[in-house]
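Q: Shown below is the structure under consideration.
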Amino acid sequence: MKHLSGILGLCLLVTVSSGCSYLFYPRADDYVRQAKGPTAVDTLLNLTAMLEASATQAKGGTGKDRALDDYHNQLHALFDAMDAAVASQITQPASDLLITHKKTLRLLFHRLWALKDQQPQRDQHLDRCLAELKSLREVLQGLKRQALSS
């Protein structure tokens, strides 16, 4: 019994301290449904547009405000959609590039989250996120053009 309670306690600790999980960003699935396009690339483009709008709205704020929370949920939706796209439709070189963008966005968000209460660092990190999203958008548009021409 003592062993079982120790395991349950460990599971609870891991669940609570793991940071981002579906317990903490349940709206990610809603954003994926809202952004759903005819192809995986279209869905990613729609999510990118949503993220750009949320990042722009989050500028000038502090703490975990609504715009930053939306950005956070949309980012998880983008990551989920990227995983699905990489697993299903996207060729290896493009897949590698999407993974690089995903890792960069994740790193930027972790710094943004750590600095969410500090201006101007928050806005500087949001600007960097916007630049990375623009770069991702260009890659996705190239993939869409490539798919249309073949």
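The values are calculated or read from the model by the stated rules, or taken from the named source; none is laboratory data. Bear in mind the structure is a predicted one, so any value in this text is a computation, not a measurement. Just the protein is used for accessible areas: all its heavy atoms, side chains included, with ligands, DNA and RNA removed. Shrake-Rupley method; radii C 1.70, N 1.55, O 1.52, S 1.80 Å.
Q: Over region 25-149, what relative contact order in percent results from Cα pairs under 8 Å that are six or more residues apart?
A: Computed value for region 25-149: 31 percent relative contact order.
Q: Send over a whole-number figure in Å² for the accessible area per residue of region 25-149, probe 1.4 Å.
A: 50
Q: Rounded to two decimals, what is the ratio between the C-alpha radius of gyration of region 25-149 and 2.2 N^0.38 Å?
A: 1.03
Q: Carbon-plus-sulfur fraction of the accessible area of region 66-125, 1.4 Å probe, in percent?
A: 55
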